[in-house]
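To start, the structure itself, in structure tokens.
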Amino acid sequence: MSLITPEQFDSRSFIYRKHQQAQFAEVAGAAQVVSYQGQRFPEMGLTDLSVLPRFGLRGPAAADALVAAGLLPPDKPNTLTLSDEGLMVLRLGYTEYWVLAVPGATVDLPALEQQLSGPGIYPVYCHDSFAWLVMSGDHLADVMAKVCAVDLREQNFASGDLVMTSLARVSGVICRHQMAGKNVFSIFSDSASAGYLWDALLDAMDEFNGAPAGQNSLI
């Protein structure tokens, strides 16, 4: 078993008790699941990245501040950009942005968060209030068709798109993008519903041999 456990940290995933037989590594002052004992990478994986750092900002000066910091914000709402350094920027409205570091990112996100402040910029607390789950595999749209009314097939929901909708009767944000050369869905939902959504998605994935997967499957 791992020598690192979630209980050693004040910051924990909302569903850390779900991760049985998991191997953890310390990431951003918390325990991140990197693999599961005795498991190879599943055909379809569901990975809990809730402890990874992220922050949000909104306001009339938010977009200009992102550009000044060397980032490329999306040019329209409901889209995202992903840099070579592993920094993902979501645009959820005309002036609201979330900034996230994907597994393996080389960016100092806390320093960047401090830099992105000033008049016309207001913080959005998207870390502790939202869980972050990532679904990977070849049947993403097929699985999501069971729990979501939005057509998420690639011809209608391309890489770089995001949608705010309901899945498994839970409000959430779904994004299509790349991680480690794979097509993935990043799913953000209210922290209070994280345990229910985790179980619902795994149930929907079972037909395609889906299973929990650690961060190592996304690097």
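Just so you know, all these numbers are worked out from the coordinates, no wet-lab data involved. It should be emphasised that the depicted structure is a prediction, and the values quoted were computed from it without experimental measurement. Every residue, glycine as well, gets a Cβ built from its backbone with ideal geometry; the counts of neighbours run over all protein chains shown.
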- Note on the structure: If amide H atoms are modeled at 1.01 Å from N in the peptide plane, then the residues at a separation of 5 or more from Tyr36, or on another chain, having amide H under 5 Å from its own are Gln23, Gly214
- Message: Nearest 500 deg cm²/dmol is fine: what mean residue ellipticity at 222 nm does the chain get from its DSSP H runs of n ≥ 4 alone, each adding -39,500 (n - 2.57), divided by its residue count?
- Response: -3500 deg cm²/dmol
- Message: Quick check on packing: order 64-72, 178-186 by the mean number of other C-beta atoms within 10 Å, highest mean leading.
- Response: 178-186, 64-72
- Task: Might you report the magnitude of the Cβ-based charge dipole of the chain about its Cα centre, with Lys and Arg at +1 and Asp and Glu at -1, to the nearest 20 debye?
- Result: 160
- Note on the structure: Scalar couplings 3J(HN,Hα) for segment 17-28 by Karplus 6.51 cos²θ - 1.76 cosθ + 1.60 (θ = phi - 60°), nearest whole Hz, x for Gly and Pro, are 5, 6, 8, 7, 6, 9, 9, 10, 10, 6, 9, 6
- Message: Using amide H atoms built in the peptide plane, which far-off residues or other-chain residues are under 5 Å from Trp132 H to H?
- Response: Leu49, Ser50
- Does segment 10-71 come out rounded, prolate or oblate by the C-alpha gyration tensor, with a ≥ b ≥ c the root eigenvalues, rounded set by a/c under 1.5 and, if not, prolate when a/b is larger than b/c and oblate if not? prolate
- Relative contact order (%) - the chain, alpha-carbon pairs under 8 angstrom, separation at least six: 24
- Counting every C-alpha pair in segment 45-96, the percent lying more than 16 Å apart is 44
- In whole Hz, what ³J(HN,Hα) sequence does segment 119-135 give by Karplus (6.51, -1.76, 1.60; θ = phi - 60°), x for Gly and Pro? x, x, 10, 10, x, 10, 8, 9, 7, 7, 9, 10, 7, 10, 10, 10, 9
- Note on the structure: Those chymotrypsin sites (Phe, Trp or Tyr not before Pro) from segment 85-157 that are DSSP loop and have at most 12 other Cβ neighbours within 10 Å turn out to be Tyr94, Tyr125
- Item | Among Phe157, Ser171, Ala25 - extreme Cα towards positive end, dipole of the chain, charges at beta-carbon | Ser171
- Taking H placed 1.01 Å from N in the peptide plane, check which residues at least 5 places from Gly104 or on another chain put their amide H under 5 Å from its amide H. none
